[in-house]
Amino acid sequence: MNLVVVGMQWGDEGKGKVVDFLSETADVIIRYQGGHNAGHTVVIEGQTIILHLIPTGLLHAGKIGVIGHGVVVDPKALLDEIEMLASKGISVTGRLFLSDAAHLVMPYHRTMDHESEQRRGASKIGTTGRGIGPAYADKMARVGIRVADLLDPQHFREKLSANLTETGRLLPTTAGEHTVDLQKIYDEYLALGERIKPYIAGTARILRQAIGRKQHLLFEGAQGTQLDVDMGAYPYVTSSNATAGGACTGTGVGPTQIDKVIGVAKAYATRVGSGPFPSETDNDIGERLRTQGQEFGATTGRSRRCGWFDVMAARYAVDVNGLTAMVVTKLDILDGFSEIPLCTGYQYKGQLLTEMPTSANVLQHCTPVYQVFDGWRGQTTAGATSYGKLPDNARRYLEAIETRVGCPVDLISTGSDRGGMIIRRAPFVS
Ligand code: IMP
């Protein structure tokens, strides 16, 4: 059984906890896109661990982790993470495999990311500043450096020099300065290459062999459907395919090998960075969601914009990912709200839209239509593990989501710790 987990909203849906939970019954956990812009948070016995590049499943002893070729890798960030885990007694040696075909995030990509955001001014994307967009742009323009290039010093030097010449990055600025120091980057990355060497492998072959042994593969999506470069509100997106299709193109596993696709959505909604967010509540209610939900970025620490669950966006996620089930997370954050609005549609220029618009400009001018649910007031869902024991109004709210989104809610997360999970149907059982 091979399963893909994707975000249904704007990222930060709580995929870290869900993947950690599902990893118990998986054998190989695979990242297929994005880079260290992602921040997957897992809380184990009160201790918070945030992973950016390493598949979350590696927090479980004995599991295999793969970073597929669809991921862009900053080798320094990867090594920092390996060391952080080692300091907590978690060794990934011999069970973490990094694709030799993955592209590298280079120092100049970070500079370009910052400069591009500055140039955009008020219309900036609000990127994580990790150099992700420029790294993917170089990959597509065929001037990227791949992990395998680091293994041959002479070839690496030639390629780095050719790519930097081709892109004009070796040219002095108008002030006569050289902003890119080829020798410095060469020395730094060659040394990093030596250190990541033990993890480098042909990961498509490893996955093929695992499938041959009938092992369970768990593909861990980063970001979310609304941030997908093709399916999201372009250009307010990340630069990779965060949707389920990315699991195939980013790993070399064919679509016929995927059995299930599970979408993760928060019981409300958040987004970081700029771009349209129709159900945003930029007021004291939003502030309350932010405080109760601890909605601050796991990667950048930025405040997340908060709002209500958006059925339009969730239904779209079901369609474009081919979701077979969904997980609703952070239900407990809604404890204590007397009213819980559910965004069921958009009004645009006096018309009710029934489909998610393609254009960010249209989306920007949509106003939400709400169905308002009664909260569960004095009752609590925090830490609940039984669906039957949830307050009636909480079940009513979840069932409305299920019906309107058109996808079964198989799991419900009711707390940040590993324990708070309601299992209505176990995902790895066919
Ligand atoms: P980039 O991926 O750093 O280029 O940022 C592009 C957009 O995606 C920005 O709005 C970021 O805030 C958003 N983004 C990137 N990674 C994540 C994530 O892991 N969670 C939430 N938003 C993200």
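Dividing the C-alpha radius of gyration of the chain by 2.2 N^0.38 Å, with N its residue count, gives 0.99.
Shape descriptor for the stretch 75-141: Rg over Rh equals 1.10 (Cα atoms; Rh from the Kirkwood inverse mean 1/r). Relative to the first principal axis of the alpha-carbon coordinates of the chain, what is the inclination of helix 311-321, with its axis defined by its Cα atoms, in degrees from 0 to 90 and to the nearest 10? Helix 311-321 sits at roughly 50 degrees to that axis. Given R0 = 56 Å, the distance between the Cβ atoms of Asp230 and Ala426 translates into a calculated FRET efficiency of 0.95.
Ranking of Arg425, Arg110 by solvent-accessible surface, largest first: Arg425, Arg110 (1.4 Å probe, protein heavy atoms only, all chains present).
Remark: the Met140-Thr367 segment gains 78.1 nm on full extension, using 0.36 nm per residue and subtracting the alpha carbon distance.
Could you work out what % of the accessible surface of the stretch 103-197 is carbon and sulfur, using a 1.4 angstrom probe and leaving DNA, RNA and ligands out of the count? After summing per-atom areas, the C and S share lands at 52 percent.
With contacts taken as Cα pairs under 8 Å and at least 6 residues apart, the stretch 103-197 reaches a relative contact order of 25 percent.
What's the longest bit of the chain with no exposed GluC sites (Glu not before Pro), using DSSP loop states and at most 15 other Cβ atoms within 10 Å as the test? The longest uninterrupted stretch comes out as 178-354.
What the chain shows is 41 Å² of accessible area per residue, with the surface traced by a 1.4 Å probe over protein heavy atoms. Over the residues of the chain, the helix contribution to mean residue ellipticity at 222 nm works out to -9000 deg cm²/dmol, using -39500 (n - 2.57) for each DSSP H run of at least 4. Close amide H partners of Ile30, meaning residues 5 or more places away or on another chain with modelled amide H under 5 Å apart, are Val66, Leu218, Phe219, Glu220. Taking chymotrypsin sites (Phe, Trp or Tyr not before Pro) as exposed when their DSSP state is a loop state and no more than 16 other Cβ atoms lie within 10 Å, the longest site-free interval of the chain runs over 1-386.
Across the accessible surface of the stretch 1-91, with the other protein chains kept in place and a 1.4 Å probe, carbon and sulfur atoms take up 51 percent. Among the lysines of the stretch 103-197, pairs at least eight places apart or on separate chains and with Cα atoms under 21 Å apart come to 4. With the cut-off at under 19 Å, measuring from each backbone N in the stretch 262-290 to a point 7 Å along the Cα-to-Cβ line of Glu402 picks out 262-268.
Computed from the C-beta positions of Gln257 and Ala162, the FRET efficiency with R₀ = 60 Å rounds to 0.95.
Measuring max minus min along each principal axis, the C-alpha atoms of the stretch 103-197 give extents of 43, 29, 22 Å (largest first). By the Kirkwood approach, averaging reciprocal distances over each pair of separate Cα atoms, the stretch 312-354 gets a hydrodynamic radius of 13.0 Å. Taking only the Cα atoms of the stretch 298-430, the radius of gyration and Dmax are 16.0, 46 Å. Structure remark: mean-square fluctuation, Gaussian network model of the chain, C-alpha springs under 10 Å; the largest value among Ala267, Ala317, Ala360 belongs to Ala360. Using alpha-carbon pairs under 8 Å, 6+ residues apart, how would you state the relative contact order of the chain in percent? Relative contact order for the chain comes out at 20 percent. Computed from the Cβ-Cβ distance with R0 of 45 Å, the FRET efficiency linking Asp187 to Glu287 stands at 0.40.
For Leu98, the residues whose amide H sits under 5 Å from its own are Ile67, Ile200, Ala201, ignoring neighbours fewer than 5 places away on the same chain, with H placed 1.01 Å from N. Full extension of the segment from Thr358 to Glu339, taken as 0.36 nm per residue of separation minus the current Cα-Cα distance, would add 3.8 nm. Straight-line reach from Lys266: taking Cα to Cα under 15 Å and skipping same-chain neighbours fewer than 8 places apart, the aspartates and glutamates in range are Asp12, Glu13, Glu280, Glu295, Asp310, Asp332, Asp335, Glu399, Glu402, Asp410.
The values are calculated or read from the model by the stated rules, or taken from the named source; none is laboratory data. This one's a predicted model, so the numbers in the text were calculated from it and none came from an experiment. For neighbour counting, all protein chains shown are included, and Cβ atoms are generated from backbone atoms with ideal geometry for every residue, glycine included. Please note that ligands, DNA and RNA were not included when accessible areas were found on the heavy atoms of the full protein model with its side chains. Shrake-Rupley method; radii C 1.70, N 1.55, O 1.52, S 1.80 Å.
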